[in-house]
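Following: one structure in structure tokens, then a few remarks.
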């Protein structure tokens, strides 16, 4: 098999998929049993399918056009890949194989829909450097190294809720809409465009961030680099 363009193949194992619904626990007598967290979905029509997703898979094959990803790496994926029939290739035993386009593409020039008899004003369709196709590959985990794919920037997952005390002495919880985070991974393209690199402190809006679940116990947060408000010096 020879992959064309910038594609990679991702394997989602039976064990990985089943981890959505259950986890193994060890009883006091040493026996291992499954603890069910939710009832498995029956098919794609089940409305819970979009909320029950896997965000990691094993890189199965890599196109020769891609030199920074290796077979066996752990791929961090957008939430919709594991439920996407468009990306599904085949079943391999109990595992599922999906393909991803690695590179995010950008428009090379502005496109304006000029006014007509029905529309009395010009309308912007897209501008140069706007996203054309946003990659569903968020990044790669290799051993303990986290590598971000363009245009994603990773930082530690922290609670956005803080405790406050009112003037009358009442304790309450407040959700922060804007906060600072330390970058744990940024792509070379992001560094070239904005100067943002690992170790920098960035200011972001909570509404622009999203979480990536690596496994049962580990989650990181991410943001698209264009949504970062500023570097904090």
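The values are calculated or read from the model by the stated rules, or taken from the named source; none is laboratory data. Nothing here was measured: the structure is a model prediction, and the numbers come from that model. In this analysis, Cβ positions are derived from the backbone assuming ideal geometry, glycine residues included, and neighbour counts consider all displayed protein chains.
Somewhere in segment 99-119, is a residue farther than 28 Å from residue 152 by Cα, modelled with pLDDT under 80, touching a strand residue (DSSP E or B) at 6+ places or on another chain (Cβ under 6 Å) and outside any loop (DSSP other than H, G, I, E, B)?
Within segment 99-119, not a single residue is farther than 28 Å from residue 152 by Cα, modelled with pLDDT under 80, touching a strand residue (DSSP E or B) at 6+ places or on another chain (Cβ under 6 Å) and outside any loop (DSSP other than H, G, I, E, B).
Considering every residue within segment 193-206, establish whether at least one is within 27 Å of residue 102 (Cβ to Cβ), modelled with pLDDT under 95 and assigned to a strand (DSSP E or B).
Checked segment 193-206: no residue is within 27 Å of residue 102 (Cβ to Cβ), modelled with pLDDT under 95 and assigned to a strand (DSSP E or B).
Please work out which residue is nearest to residue 204 (Cα to Cα), limiting yourself to segment 148-162 and to residues that are outside any strand (DSSP E or B) and touching a helix residue (DSSP H, G or I) at 6+ places or on another chain (Cβ under 7 Å).
Ranking the candidates gives 160 first.
Filter segment 123-145 down to residues that are over 13 Å from the mean Cα position of the chain (by Cα), surrounded by 10 or more Cβ atoms within 10 Å (Cβ to Cβ) and either in a loop (DSSP other than H, G, I, E, B) or in contact (Cβ under 8 Å) with a residue 40 or more places away in the chain (or both), then give me how many there are.
The total comes to 5.
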